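Input: a single structure, listed below in structure tokens.
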Amino acid sequence: MNSEPRVLAVLDDLLTAAAHDDRGALWQLAEQGRELDANLVRLPPGAEVGEHQEDILDVLLVVIAGSGRVVAGGDALNLTPTGVVWLPRTSRRALAAGPDGLAYVTVHRRRPGLTIKPSVAPPAGYEGGEAPCMLDRVCPGCGRFSQDPEPVFCSRCGERFAGH
């Protein structure tokens, strides 16, 4: 683990290098041993991240460029550069980019890693079979698994799930 402070990204450079219609995470914090996750997310003009809920983590959203709005708890909050919005865990929220698009950084605690739990003996009379396929719950944009059984938009990058 590297404990030395250093510059990891220059957000203006990342935004300048992105194509006008690039959508989703342009940068992700990927340092080993970190306790935080952070992403630079860009939505093109008029794009939306549909209503979703983060059940485990509070999220801090910092607007870097463009404008838009977040609808949370029935209230619409305008998003402008340098604005900071707290999205508490369990809150339902949706995002919409304005006419110039929207670029923002999200910061939250790092999600716990997936673990393999020991198997338990199957119940008497269990005949086996395959587990259900859950690929429809994996975001095609960033690979995040959605806890929502019928996801429409990814809560991390805003990508629309197939079939919606």
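Looking at E31, is it more than 25 Å from G143 (Cα to Cα) and modelled with pLDDT under 95?
No, not satisfied.
If you scan segment 149-164, which residues turn out to be assigned to a loop (DSSP other than H, G, I, E, B), at pLDDT 70 or above and open to solvent by 60 Å² or more (accessible area, probe 1.4 Å)?
P149, E150, R156, E159, A162, G163
Out of all the residues in segment 11-29, which are surrounded by 11 or more Cβ atoms within 10 Å (Cβ to Cβ) and not acidic (D, E)?
Listed by number, the residues that qualify are L11, L14, L15, A18, R23, G24, A25, L26, W27, Q28, L29.
Looking only at segment 30-45, how many residues end up being touching a residue at least 12 places away in the same chain (Cβ under 8 Å), open to solvent by 30 Å² or more (accessible area, probe 1.4 Å) and of a type outside the set (K, R)?
Of the residues in segment 30-45, 6 are touching a residue at least 12 places away in the same chain (Cβ under 8 Å), open to solvent by 30 Å² or more (accessible area, probe 1.4 Å) and of a type outside the set (K, R).
Among residues belonging to segment 125-148 that are out of contact with any strand residue (DSSP E or B) (no Cβ under 9 Å at 6 or more places or on another chain) and of a type in the set (A, V, I, L, M), point out the one that is modelled with the highest pLDDT.
So the residue we want is L135.
Considering (1) at pLDDT 95 or above; (2) out of contact with any Phe, Trp or Tyr (no Cβ under 9 Å at 6 or more places or on another chain), say which one P5 fails and leave the rest.
(1)
Within segment 48-81, can you find the residues that are open to solvent by less than 30 Å² (accessible area, probe 1.4 Å) and of a type in the set (V, I, T)?
First, the residues of segment 48-81 that are open to solvent by less than 30 Å² (accessible area, probe 1.4 Å): 49-50, 52, 54, 57, 59, 61, 63, 66, 68, 70, 72, 79.
Of everything in segment 48-81, those that are open to solvent by less than 30 Å² (accessible area, probe 1.4 Å) and of a type in the set (V, I, T) turn out to be V49, V59, V63, V70.
The values are calculated or read from the model by the stated rules, or taken from the named source; none is laboratory data. Computed from a prediction, not measured in an experiment: that's the story for all the values here. Note: ideal-geometry Cβ built from the backbone for every residue, glycine included; neighbour counts use all protein chains shown. Just so you know, the surface numbers come from the protein's heavy atoms only, side chains and all, with ligands and any DNA or RNA stripped out. Shrake-Rupley method; radii C 1.70, N 1.55, O 1.52, S 1.80 Å.
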